[in-house]
Amino acid sequence: MTTDAFLADCRARLAFDLLSNTWNAVVLWALRDGPRRPVDLRERIGGISSKVLTETLRRLQFNGLVERQAHPDAPSRVEYQLTALGRTLLAPIDAVGAWAFEYGDDVVAAQEAACTPSPQSPPPTAEPVNGVSADVAGR
């Protein structure tokens with residue numbers, strides 16, 4: 001296994017892939033205090049549909065980060081909790097969250113600046129179509 005993050009078989013890329021899905025980190029963080037039922041997770045997280053939560057929990061379970069516990073009670077009850085492996089991701093998630101708290105306003109400002117045309121920018125011109133400018137093509 002290589003350590004070059006740009007190669008497909010790199011373990012760093014595996015970690016980036018796990019955290020690149022927004023809901024993965026959010027669900028892991030929501031489970032940090034102990035087992036939760038899916039309905040409790042939805043209430044705690046907000047903005048996540050039942051379908052997306054189910055898909056996320058299955059993905060996290062497949063990757064060994066979350067375990068599902070079915071209780072034989074009547075009515076049946078299911079809870080999810082972090083595995084020991086899943087707990088190892090809490091510190092990196094916390095670090096990314098701290099970075100976002102500190103620099104989030106800078107990122108938003110950069111996004112807004114990119115979407116706002118500068119007053120010194122020349123007005124947009126029509127792109128040539130097949131090598132012919134729009135005013136020539138319209139004649």
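The values are calculated or read from the model by the stated rules, or taken from the named source; none is laboratory data. The structure displayed is predicted, hence computed values, not measured ones. Here Cβ is always computed from backbone atoms with ideal geometry, including for glycine, and neighbour counts include all displayed protein chains. Quick note on the areas: whole protein, heavy atoms, side chains included, nothing else; ligands and nucleic acids left out. Shrake-Rupley method; radii C 1.70, N 1.55, O 1.52, S 1.80 Å.
Asp106 - would you say it is open to solvent by 90 Å² or more (accessible area, probe 1.4 Å), part of a helix (DSSP H, G or I), among the charged types (D, E, K, R) and without any contact (Cβ under 8 Å) to a residue 24 or more places away in the chain? I'd like the intermediate steps shown before the answer.
Working: open to solvent by 90 Å² or more (accessible area, probe 1.4 Å): yes; part of a helix (DSSP H, G or I): yes; among the charged types (D, E, K, R): yes; without any contact (Cβ under 8 Å) to a residue 24 or more places away in the chain: yes.
In short, yes.
Just give me the residues in region 82-95 being surrounded by 12 or more Cβ atoms within 10 Å (Cβ to Cβ) and either of a type in the set (D, E, K, R) or more than 23 Å from Pro38 (Cβ to Cβ) (or both), in sequence order.
Arg87, Pro92, Asp94
Quick one: Tyr80 ticks every box in (1) touching a Leu at 6+ places or on another chain (Cβ under 9 Å); (2) outside any helix (DSSP H, G or I); (3) over 14 Å from Val27 (Cα atoms) bar one, so which box is it?
For Tyr80, the exception is condition (3).
Given the criterion charged (D, E, K, R) and within 13 Å of the chain's Cα centre (by Cα), identify the matching residue among Asp17, Asp40, Asp33. It would help to see each step written out before you state the result.
On the way: Asp40 fails: within 13 Å of the chain's Cα centre (by Cα); Asp33 fails: within 13 Å of the chain's Cα centre (by Cα).
After applying the criteria, what remains is Asp17.
Tell me which residues, restricted to region 65-81, are open to solvent by 90 Å² or more (accessible area, probe 1.4 Å) and of a type in the set (Gly, Ala, Ser). Give the derivation first.
Taking region 65-81 as the starting set, the residues that turn out to be open to solvent by 90 Å² or more (accessible area, probe 1.4 Å) are 68, 72, 74-76.
Result: Ala74, Ser76.
Tell me, yes or no, whether region 18-26 has at least one residue that is buried (at least 17 other Cβ atoms within 10 Å of the Cβ), at pLDDT 85 or above and touching a strand residue (DSSP E or B) at 6+ places or on another chain (Cβ under 9 Å). Can you show your working first?
Quick first cut of region 18-26, residues buried (at least 17 other Cβ atoms within 10 Å of the Cβ) only: 18, 23-26.
Checking the rest, the ones that are also at pLDDT 85 or above come to 18, 23-26.
Narrowing further to those that are touching a strand residue (DSSP E or B) at 6+ places or on another chain (Cβ under 9 Å): none.
No: zero hits.
Is it the case, given these coordinates, that Ala114 is closer than 21 Å to Ser20 by Cβ and either at pLDDT below 95 or under 23 Å from the mean Cα position of the chain (by Cα) (or both)? Reasoning before the result, please.
Numbers: closer than 21 Å to Ser20 by Cβ: no; either at pLDDT below 95 or under 23 Å from the mean Cα position of the chain (by Cα) (or both): yes.
In short, no.
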